[in-house]
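One structure is given below, encoded as structure tokens.
The values are calculated or read from the model by the stated rules, or taken from the named source; none is laboratory data. All values reported here derive from a predicted model rather than from experimental measurement. Here the Cβ is made from the backbone with ideal geometry for all residues, glycine too, and neighbour counts use every protein chain on show.
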Amino acid sequence: MTRTDLRVVAALGARSVKQTFRRPQLLAPIVVFPSILLAIQTAGAGQAVNLPEFPPVNSFLDFMLAGAMIQATLLAGNSGGIALAVDIEMGFTDRLLAAPISRFGMVLGRLAGTGVLSLLVGIWFIVVGLIFGAQINDGVPGVIVMLLLVTLSGLAFGGIGAAVALRTGRASVVQGLFPLVFVILFLSSAFFPQDLLTGPAATIAQYNPLSFIVEGIRDPVISSLTWEVFGKAIASLALVGAIGIGLSALALRRRLRTGG
Amino acid sequence: MPAIEANGLERTFEGGIHAVAGVDLEVAEKEIYAFLGPNGAGKTTTVRMLTTLLQPTGGSARVAGFDVVAEAANVRRSIGVALQEAALDPLMTGRELIRLQATLHGLSRQAGREKADSLLERVDLVDAADRQVGTYSGGMRRRLDLASALVHEPKVLFLDEPTTGLDPVSRRTIWEEVEQLNREGTTVFLTTQYLEEADQLADRVGIIDFGRIVAEDTPGRLKAGIGHPHLEIRLVEDVAERAREVVAGFGKPRPSKDGAVLVELEGGAGGVAPVVRALDDAGLAVESLDLVEPTLDDVFLEKTGHHLEPEEPEAGESE
């Protein structure tokens, strides 16, 4: 990638972030919904920490913080996909495709924006968590690891959103993935400890890459991150990211070939 | 070397739809070439192929000396593109959009800033530069789109229906800017469904219908080529059929237009008086009578068998 390509990706990423802050309907799902869910769950289900086999935590908020962050990054990926589809619908992508830039740079710019948004959302939840009494066991290094994983999550999930946007070119279709985000979340250990899940949910959560990513973000808060948990989180992100970027590349190639 | 050259250019979409069915054209450097045709004629598809946004399924094309498929990146460096419906992000400001366009074309941050300032001044958008594009009128959006296409001083400028939907004043402003650009040496390829636009702006016009060029020449020669002026007769009463019979002996009849009876007059103005006398003798009261010199619409009718009916400007598009 040339220096010009990197400048283009940065410029498109900056546009993507500004666009999100200027369009409340893109920002609300990323920040407001997960914050409300976090507040409701920690206020209403705090006694869950007393359940047998619940991991030792200082508070239910400590446990839930990672779930809220991963929910926000999933929704950021979805919102990024919606914004890309809107660009396709209004013809803005034609402006980018008619310029002498790497055509995949258009997708990378969008992903860079989603990554930055995820980082900002990560900072938001850590600040909110600390204000309301959360304790991050691993301290500053733990915070850095959490923000790294959250940013990478945004990039990985953004790839899936971008792939759907490029394949369909319709914002309504990408928006239709919204409920699926919650299904995937609830079939992971995002909101409930893996050991307390039963039946098919437990089996799915055991193999759901999201569970490994959540554990990677949660461990620095409630215990101490090990290389094994961190490695599994990174491997899961690499898998999701490879699928998202691979599908995006295929969808873009098809779009350029068929013209729609 | 022609600025634009297409040989047998074709595009067939899924389902076997031949949007462009073998276009041959050649546009010289510093020429304004207008592609005239109704909606669905293949204008936009041709432009999308020439600007590398869509791959041809047949034939070949070169723009600024580069093949649109094999040397697409070089084509994109050489062209400016303002697409139909002004594909602008309503959440960006005008200044942000031009700066982004400058980055896309490899200009440095400083050069992009300076370019944005000069282009915004050129298209008279300095006061609106820091407002979001969503607040712009239709004419302002087109001017911004045009400015953004000029950021890298392209050799060839493609304008896809640059004035569709605009009011006459905004349309004229765009025309003046296009003429100025051409005087500065830019080759302009524009598509339009407005006869007046093609007539006023273009050095040469290509008329496209059902994906094929059916006529191509200067507006003057195209009009001269179809022959004589015609008389447009409107009658007080609904007696068009009788009037047609009366005037049939004076020249070749033409299909009616908006209720008027049309007849070609070989003798031009000299042939009007006998027609009026004949209508008077037949007891047919004439409401109005116009001798119309051939227009590009006549050329279009002659070549395609139907009139060109452009979309009317949308309400609220004026400034």
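Tell me, please, whether a residue that is of a type in the set (Ser, Thr, Tyr), closer than 29 Å to residue B:198 by Cα and at pLDDT 85 or above can be found in region B:251-260.
no
Among the candidates A:191, A:182, single out the residue that is at pLDDT below 95, in a helix (DSSP H, G or I) and of a type in the set (Phe, Trp, Tyr).
Among A:191, A:182, only A:182 is at pLDDT below 95, in a helix (DSSP H, G or I) and of a type in the set (Phe, Trp, Tyr).
What number of residues in region A:246-260 are within 8 Å of chain B (Cβ to nearest Cβ) and touching a residue at least 24 places away in the same chain (Cβ under 8 Å)?
Residues that pass the stated criteria total 1.
Out of curiosity, is residue A:165 closer than 30 Å to residue A:93 by Cα and modelled with pLDDT of 95 or more?
It is true that residue A:165 is closer than 30 Å to residue A:93 by Cα and modelled with pLDDT of 95 or more.
Among the residues of region B:100-124, what is the count of those that are crowded, with 21+ Cβ neighbours inside 10 Å and either at the interface with chain A (Cβ under 10 Å from one of its Cβ atoms) or under 27 Å from the mean Cα position of the chain (by Cα) (or both)?
Number of matching residues: 10.
In region A:80-108, what residues are surrounded by fewer than 20 Cβ atoms within 10 Å (Cβ to Cβ), facing chain B (nearest Cβ under 7 Å) and of a type outside the set (A, V, I, L, M, F, W, C)?
If the condition is that a residue be surrounded by fewer than 20 Cβ atoms within 10 Å (Cβ to Cβ), facing chain B (nearest Cβ under 7 Å) and of a type outside the set (A, V, I, L, M, F, W, C), then A:91, A:100 are the ones that fit.
Testing residue B:37 on (1) farther than 26 Å from residue A:103 by Cβ; (2) over 18 Å from the mean Cα position of the chain (by Cα); (3) surrounded by 15 or more Cβ atoms within 10 Å (Cβ to Cβ), one condition comes back false. Which one is that?
Single failed check for residue B:37: (2).
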